[in-house]
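See below for the structure under consideration.
The values are calculated or read from the model by the stated rules, or taken from the named source; none is laboratory data. The model shown is predicted, which means the values in this text are computed figures rather than measured ones. Cβ coordinates were reconstructed from backbone atoms using ideal geometry, including for glycine residues, and neighbour counts include every protein chain displayed.
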Amino acid sequence: MPKDDGIGASSKRREDLRFLTGNGKYTDDINLRGQTYVHFLRSDLAHGRINSIDTAAAEAMPGVLKVFTAADFASAGGIPCGWQVTDRFGEVMQEPKHPILAEGKVRHVGDPIAAVVAETYEQARDAAEAIDLDIEELEPVVDMVKALAPGATKVHDDLTSNLCYDWGFVEDNKDAVNAAFESAAHVVSLELTNNRLVANPMEPRVAVGDYDPWNDSHTLYTTSQNPHVIRLLMGAFVLNIPEHKLRVVAPDVGGGFGSKIYHYAEEAFCTFAAKVLKRPVKWTSSRSEAFISDAHGRDHKTKIELALDADHNFMAIRTETYANMGAYLSTFAPSIPTWLHGTLMAGNYRTPLIYVNVKAVFTNTVPVDAYRGAGRPEATFQIERLVDKAARELGVDPIELRRKNFIKADQFPYQTPVAVVYDTGNYDATMDKMLELADYANFESRHAESAARGKLRGFGIAHYIEACGIAPSNLVGQLGARAGLYESASVRVNATGSISVYTGSHSHGQGHETTFAQVVAEMIGVDASSIEIHHGDTSNTPMGMGTYGSRSLAVGGSAIVKATNKVIDKAKKIAAHLLEAAPEDIELKDGKFSVAGTDKSVDWSGVTLAAYVPHNYPLEDLEPGLEETAFYDPSNFTFPSGAYGCEIELDPETGKIDILRFIAADDFGNIVNPMIVEGQVHGGLAQGIGQALLENCVYDDQGQLLSGSYMDYTMPRADDVRGFTVDHSCITPCTHNPLGVKGCGEAGAIGSPPAVVNAAIDALHRAGHTHVTHIDMPLTPSRVWAAMNR
Amino acid sequence: MHNFEFVKPASVADAVAALGRGEAQPLSGGQTLIPSMKARLNAPEILVSLTGITEMQGVSRDGDSLTIGAATTHATVARDAASDFPGLAALAGQIGDPAVRNRGTLGGSVANNDPSACYPAAVLGTGATIVTNTREIAADDFFQGMFTTALDEGEIITGVRFPIAQASAYAKFLQPASRFALTGVFVAKYASGVRVAVTGASENGVFRWAEAEAALSAQFDAEAVAGLSVSPHEMISDLHGTPEYRAHLVRVMNQRGVRAAS
Ligand SMILES: Cc1cc2nc3c(=O)[nH]c(=O)nc-3n(C[C@H](O)[C@H](O)[C@H](O)COP(=O)(O)OP(=O)(O)OC[C@H]3O[C@@H](n4cnc5c(N)ncnc54)[C@H](O)[C@@H]3O)c2cc1C
């Protein structure tokens, strides 16, 4: 039995009380004295040359303080990119300038051209309509393949082409991979699209810039997953503000899913304009604006091939992918289709040879960056669709083909041919667990029951691997990251024994205030209610890299463990003094320090009080106080894995797919709060099922966004995502972090899309539609019906 | 949203008078008009609310017909028409979500004539009569292509009179994102014959499927239309369905409607 509110307890989320009662404090709830409002005039053309912008009439409108254009930002830098990829010829990627407001050209629908600051939001919007624009329409670059054709119109005139980079991984394996295909007994290939998605967090982005002229300091309140990263990027590269004069606060944030990692132009604008106007400047995105200004996700076009020997052992994988970067490089965009995608192409299998080619392409569309899973869903979808297709073509059981090629439990640590070393895993165990929970043994009778009602039932499987807990700083530095990826924590024990923890991680739905307190409560043996978790403010938390990539517990939690251990070490010394014993003999259990083998003890608050009221204290050897900071830099990624099973029913008359059951058997290593883990998996599954069946961000050939609102962009609703069975009892703890945890935030979104599509193909094949070998996501009724009737 | 003046008259006459003053527009449930004003696609100077007019509210039976005030919400119709005209009430109950049904109204939906809206299928499928402040218009004359109706400038729908069917049903295939009708078919059986109206499918808005009406009038059975098809020509093509798919759904939804009504 876990300790009450300790590690392993399904403690209720303490933050939910304020969230569910409407008492959260979000960025839009922040209203400062004298606040002004900005409205961005955004391009409605995908591509155009700006001949002139006449702001005179707008500036004369009621309430208008100033209309900004690119000319006002001559002293500022562009929005920086945080990762530089080197291509397969050893050249660095092409990196265009990303201005705060469009300079010379507009490059996507939504590109901000001018910004009107006024006393009210409506006045700013009214004035924006009076701005006179002369923009010459240019041919839009939308299709990635056409964008790379010789002579194609360029998104950036100063670059040599629309190719950001042409990446090969592992380039040295290329010939060996090709040779393996030459000698293979079977080759299976698949062309697919990984559909573009819009993150759509419930809370749209907001920024409030504030400037204090009396000490020349700036504060930015923003909807960010990583306030320190924003402070670093915006301060150092865009606005030239040193850290001690710039505070960034990300208060309660209503979901991010990756889209709130990046440094956005609107943040820099509000910070900059607040100083120019000497008044706070606020921007609140509308939902429509979010569709054309938040970074999008995915958008890959891939050909993947698998070579097998006569015994169906995987010999080699070869891929060619086009990855859409959009019009500018968002903060981590270049790393997603490369280091977060290529390194995962081994999947759960012993494929000895892998070659991944990725061409990253500029187009006249919104920038694309990480979205829940980031690179790993794209890798998993390719592998798991292809393995399924291989099983069908070879006439073997898709489960058995997977098992045959799995990395086996006794083969860890396992060096893949794509650089990463998996520390632990047991893929047969998760597969067994999933099949058991799915009652797979009785699937045939359920299939027959559906058939009797004229419905097609299918079962689809996917087994995924992901790399989380990003990441060892020295490694990512070699791979082109322009930042370290450690995490930090300060544990401040107060005089009466209560504890304030300051973490560099950021919670925007993950429940850190609950789980991080559970970790500290377990370690010290005090009640979790005496522990408070603080995050999101650069003025009181140590420099941290924020929350994404399922890293918070694995990296941020490890920093908390380190800092807490330092606290415990010092507290033991104080206890030793109070108990007149040697520190080595002091034991801490259930919040009480005792001398081993005696009945002498002092409780936690006795020690903490001594630390702050050091009347009886070894002052010559020990500083008073009890507060420690630690930074943790992981030595490897963590590798969660799992088996997902999806059972669907397909209506052959309409092509509509209903998910009847969805089973997720994950290995997340050790679990701190099972209920929160389950919730994270549910959310991930909803997004993965959303991608597979519903969501699609579509541009027409003029670069106009066709799915720019909820009238056309299908967000999953409760009745679209039901029947989840979530299990995390298969545990192979991570070997290199103190909690043995792996991370669970993205798994659901990574493993579910191929399981859903495999289930649909299974249903169609069982009904004799064997000509349907693949359907691109989302599998809308119209697409499924068209495929059946092709 | 631009600034506007708001008036809430208590009678049709006052509403008509208010509409005569400059750039005025009637406001009913606001589920279409308000979003379009927020998006600055529409900027009336005066909004004349119709929801305070008692004579435009409610469901009342008069012999073989059911008259519904134009400002009656979908939720009210779903509840108050359920015993007299279950097919119509069920349609109202399938519109949008509870918030939309508690605001959106029959008159607003019919006046707007969205090609994917549900109500036009019921109005045309029952051969209802649209009653305005100046005249009565037969459904067959009222709908004139997407977002276009026979209404004159400043004319207000005050109510709709529905002949009660012997059997009826609305079969709606959801557009996955908006959950309007990707294709919806209203089937109504009368002593005089069967009417079939289709929404969501055609670029010309709601339409009657004459072939199916003839077949079903001869034999009110889903199998009677199994072999029929509509042409994909002038069917809507968008992210959610091709013209061929919509043409196919017209037949499928028609059959489902007949089965549900039988
Ligand atoms: C989220 C959402 C989901 C929806 N789903 C569906 C759906 O599934 N099916 C469906 O059919 N509809 C759906 N709707 C539309 C909704 O049900 C309303 O029917 C529609 O918005 C119009 O009705 P209203 O009362 O809101 O009209 P308003 O928005 O007030 O007015 C619409 C137009 O009609 C005019 N008008 C209003 N009343 C009259 C009148 N009496 N005489 C003359 N002109 C008038 C107005 O001037 C305006 O031009 C949905 C709407 C939303 C917001």
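So which residues in segment A:736-781 are under 19 Å from A:G454 (Cα atoms) and within 14 Å of chain B (Cβ to nearest Cβ)?
Answer for segment A:736-781, where residues must be under 19 Å from A:G454 (Cα atoms) and within 14 Å of chain B (Cβ to nearest Cβ): just A:P781.
Restricting attention to strands (runs of 3 or more DSSP E) lying wholly within segment B:1-79, give those where 2 or more residues are among the charged types (D, E, K, R) and away from every other protein chain (no Cβ under 14 Å).
Of the strands (runs of 3 or more DSSP E) lying wholly inside segment B:1-79, those with at least 2 residues that are among the charged types (D, E, K, R) and away from every other protein chain (no Cβ under 14 Å) span B:59-62.
Return the residues of segment A:699-715 that are surrounded by 15 or more Cβ atoms within 10 Å (Cβ to Cβ), facing chain B (nearest Cβ under 10 Å) and of a type outside the set (G, A, S); say none if nothing qualifies.
Answer for segment A:699-715, where residues must be surrounded by 15 or more Cβ atoms within 10 Å (Cβ to Cβ), facing chain B (nearest Cβ under 10 Å) and of a type outside the set (G, A, S): A:Y710, A:D712, A:Y713, A:T714, A:M715.
If you scan segment B:115-150, which residues turn out to be within 14 Å of chain A (Cβ to nearest Cβ) and either surrounded by fewer than 20 Cβ atoms within 10 Å (Cβ to Cβ) or more than 9 Å from the ligand (Cβ to nearest atom) (or both)?
B:P115
Could you check, for segment B:84-94, whether at least one of its residues is over 23 Å from B:D14 (Cβ atoms), within 11 Å of the chain's Cα centre (by Cα) and either within 12 Å of the ligand (Cβ to nearest atom) or free of Cβ contacts under 8 Å to residues at least 40 places away in the same chain (or both)?
If we filter segment B:84-94 for residues that are over 23 Å from B:D14 (Cβ atoms), which is where we start, we get B:84-94.
Subsequent filtering for residues that are within 11 Å of the chain's Cα centre (by Cα) retains B:88, B:91-92.
Keeping just the survivors that are either within 12 Å of the ligand (Cβ to nearest atom) or free of Cβ contacts under 8 Å to residues at least 40 places away in the same chain (or both) gives B:91-92.
Looking through segment B:84-94, at least one residue is over 23 Å from B:D14 (Cβ atoms), within 11 Å of the chain's Cα centre (by Cα) and either within 12 Å of the ligand (Cβ to nearest atom) or free of Cβ contacts under 8 Å to residues at least 40 places away in the same chain (or both).
If I go through segment B:3-29 residue by residue, how many of them are within 6 Å of the ligand (Cβ to nearest atom) and surrounded by 17 or more Cβ atoms within 10 Å (Cβ to Cβ)?
Looking only at that region, the number is 4.
Under 8 Å between Cβ atoms, at least 6 apart or on separate chains: pull out the pairs that start in segment B:117-133 with a residue that is hydroxyl-bearing (S, T, Y) and end on any residue that is modelled with pLDDT under 95 and outside any helix (DSSP H, G or I).
Matching pairs, first to second residue: none at all.
For segment A:88-205, which fully contained helices (runs of 4 or more DSSP H) count at least 1 residues that are more than 14 Å from chain B (Cβ to nearest Cβ) and either modelled with pLDDT under 95 or surrounded by fewer than 17 Cβ atoms within 10 Å (Cβ to Cβ) (or both)?
Filter on segment A:88-205 gives A:144-147, A:174-183.
Suppose we filter A:F314, A:F257 for residues that are touching a helix residue (DSSP H, G or I) at 6+ places or on another chain (Cβ under 6 Å) and more than 17 Å from A:W83 (Cα to Cα); which single one remains? Before the answer, list the steps.
On the way: A:F257 fails: touching a helix residue (DSSP H, G or I) at 6+ places or on another chain (Cβ under 6 Å).
Unique residue meeting the criteria: A:F314.
Let me confirm something: among A:T770, A:T714, A:T732, which residue is farther than 23 Å from A:I399 by Cβ and not acidic (D, E)?
The unique qualifying residue is A:T714.
If B:A82 satisfies every condition in (1) closer than 30 Å to A:Y121 by Cα; (2) out of contact with any Leu (no Cβ under 6 Å at 6 or more places or on another chain); (3) not in a helix (DSSP H, G or I) but one, which is the exception?
Unmet condition: (1).
Of all the residues that make up segment A:216-246, how many are over 20 Å from the mean Cα position of the chain (by Cα) and under 26 Å from A:A74 (Cβ atoms)?
Here the count works out to 18.
Quick check: anything in segment A:586-594 assigned by TED's automatic domain parsing to the domain that holds A:L622 and either buried (at least 24 other Cβ atoms within 10 Å of the Cβ) or under 25 Å from A:E746 (Cα atoms) (or both)?
Yes; the residues of segment A:586-594 include at least one that is assigned by TED's automatic domain parsing to the domain that holds A:L622 and either buried (at least 24 other Cβ atoms within 10 Å of the Cβ) or under 25 Å from A:E746 (Cα atoms) (or both).
Only one of B:S36, B:S28, B:S11 is within 26 Å of A:M711 (Cα to Cα), out of contact with any Leu (no Cβ under 6 Å at 6 or more places or on another chain) and outside the structural domain of B:G104 (by TED's automatic domain parsing); which? Give the derivation first.
On the way: B:S28 fails: out of contact with any Leu (no Cβ under 6 Å at 6 or more places or on another chain); B:S11 fails: within 26 Å of A:M711 (Cα to Cα).
That would be B:S36, the only listed residue that is within 26 Å of A:M711 (Cα to Cα), out of contact with any Leu (no Cβ under 6 Å at 6 or more places or on another chain) and outside the structural domain of B:G104 (by TED's automatic domain parsing).
Which of the residues spanning segment A:653-673 are more than 14 Å from chain B (Cβ to nearest Cβ) and in a loop (DSSP other than H, G, I, E, B)?
If the condition is that a residue be more than 14 Å from chain B (Cβ to nearest Cβ) and in a loop (DSSP other than H, G, I, E, B), then A:F668, A:N670, A:I671, A:V672, A:N673 are the ones that fit.
When segment A:598-618 is examined, which residues are found to be acidic (D, E) and not in a loop (DSSP other than H, G, I, E, B)?
Keep residues of segment A:598-618 that are acidic (D, E), which gives A:599, A:603.
Once the filter is applied, which keeps residues that are acidic (D, E) and not in a loop (DSSP other than H, G, I, E, B), segment A:598-618 yields only A:D603.
Which one of these does A:V784 not meet: (1) of a type in the set (V, I, T); (2) more than 14 Å from chain B (Cβ to nearest Cβ); (3) part of a helix (DSSP H, G or I)?
Going through (1) of a type in the set (V, I, T); (2) more than 14 Å from chain B (Cβ to nearest Cβ); (3) part of a helix (DSSP H, G or I) one by one, A:V784 breaks only (2).
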